[in-house]
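Okay, structure first, notes after.
We did not get these values from a lab; they are worked out from the coordinates using the rules stated. If you're wondering where the values come from, they're calculated on a predicted model, not measured in any experiment. As a convention, Cβ positions derive from the backbone with ideal geometry for all residues, glycine included, and neighbour counts pool all protein chains shown.
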Amino acid sequence: KKKTAELIWFNGEIMPWQNATVHVMTHAIHYGSSVFEGVRAYHTPHKGTCVFRLQEHSQRLLDSAKIYRMTIPYSLEEINQATLDIVKANKLKSAYIRPIAFYGDIGMGLQVPFGTETELVIAAFEWGAYLGEEGLKNGVDAGVSSWNRLAANTMPTGAKAGGNYLSSQLISMEARRHGYVEGIALDRNGLVSEGAGENLFVIRNGIVMTTPVTAAILPGITRDTVITLLKDMGYEVREQNIPREALYLADEILMCGTAAEVTPVRSVDGIPVGNGGRGPITEKVQNAFFGLFSGETEDKWGWLTPIE
Ligand code: PMP
């Protein structure tokens, strides 16, 4: 079995990667009962290795658990500290970090007794650009999926829960089958929702739009970062419903997420977005975003937490 890093944080203990195993009757394997995060740490020349927006990610993990009435037996501060510890223990300069809380070997009953505590794992390992280095520069080809995102009041998309990712897998598998790098899903009303693992921004005539939380999205932390950076640069950002055809008429589209970072979309369903490459506002956002880690963008918001 492939080892992705030396060490892993498992229920309060840092142990060898291979030892962090669970039983086949783990509740979460059968019923999807997990909540998780994707976090990144970047190497910065001025502050060493820093975790990006640690507080917000740990808070969202606890929020996802709260929606599902799950008890994670660690506080926000303990989760923050454990995240820093595992990056440091693995001697990683940059990392993708995966905290996951899940119901373990607690029996086969679907109904979990209230108060049952989750297991908590925090893994940290090296992981490059999710949609490819090339994609970061030249943009990726995306396609609208025939699969809709989850309907309101079926499964909450505001929770980052394991089970939700069956929807994301259908969307991205279909996209790959059709030769696209990523899929874009519509919500049950036929309005633009998000990528399989990314939020979307659509730009036309200098106006930046992003889909609202009511369009079955996960309210991404990178989405919030992009909104904040754009506003800081003087752009107006409208959180509004986006019809499918706006994807075909956009000057620029960008996808963003912790794994995908800020990636331009160069075509949708084979229709070029703008001039078919990276647009100027997208490039500015990328520069501002990656500038946070190179030090060229001032971190006015306290988003970087050094591991030391
Ligand atoms: N939507 C979905 C479905 C996701 O999985 C992700 C990745 N976590 C995002 C949006 C982007 O969220 P974030 O910027 O917080 O990583």
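Answer with yes or no whether Thr26 is closer than 13 Å to Tyr96 by Cα, surrounded by 15 or more Cβ atoms within 10 Å (Cβ to Cβ), more than 18 Å from the chain's Cα centre (by Cα) and touching a residue at least 24 places away in the same chain (Cβ under 8 Å). Before the answer, list the steps.
Details: closer than 13 Å to Tyr96 by Cα: no; surrounded by 15 or more Cβ atoms within 10 Å (Cβ to Cβ): yes; more than 18 Å from the chain's Cα centre (by Cα): yes; touching a residue at least 24 places away in the same chain (Cβ under 8 Å): yes.
It is false that Thr26 is closer than 13 Å to Tyr96 by Cα, surrounded by 15 or more Cβ atoms within 10 Å (Cβ to Cβ), more than 18 Å from the chain's Cα centre (by Cα) and touching a residue at least 24 places away in the same chain (Cβ under 8 Å).
Residues in the range 193-222 that are of a type in the set (A, V, I, L, M, F, W, C), in contact with a Lys or Arg (Cβ under 6 Å, 6 or more places away or on another chain) and over 20 Å from Glu37 (Cβ atoms): Met209 only. Just one of (1) away from the ligand (no atom under 16 Å from the Cβ); (2) more than 25 Å from Asn138 (Cβ to Cβ) fails for Asn275. It is (2).
Condition check ((1) touching a Gly at 6+ places or on another chain (Cβ under 6 Å); (2) surrounded by fewer than 20 Cβ atoms within 10 Å (Cβ to Cβ); (3) polar (S, T, N, Q)) across all residues:
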| residue | (1), (2), (3) |
| --- | --- |
| Ala175 | yes, no, no |
| Ala185 | no, no, no |
| Gly190 | no, yes, no |
| Gly197 | yes, no, no |
| Val202 | no, no, no |
| Gly206 | no, yes, no |
| Val213 | no, yes, no |
| Ile221 | no, no, no |
| Met233 | no, yes, no |
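For the range 13-23, the set of residues classified as under 24 Å from the mean Cα position of the chain (by Cα) and within 28 Å of Gly109 (Cβ to Cβ) consists of Ala20 only.
Considering every residue within the range 135-149, establish whether at least one is out of contact with any strand residue (DSSP E or B) (no Cβ under 9 Å at 6 or more places or on another chain), surrounded by 14 or more Cβ atoms within 10 Å (Cβ to Cβ) and farther than 16 Å from Leu191 by Cβ. No - not one qualifying residue is present in the range 135-149. Among all positions in the range 196-219, there is at least one residue which is in a loop (DSSP other than H, G, I, E, B), farther than 24 Å from Arg53 by Cα and of a type in the set (Gly, Ala, Ser). Exactly one residue among Thr263, Thr297 is touching a residue at least 24 places away in the same chain (Cβ under 8 Å), among the β-branched types (Val, Ile, Thr) and within 16 Å of the ligand (Cβ to nearest atom), and that residue is Thr263.
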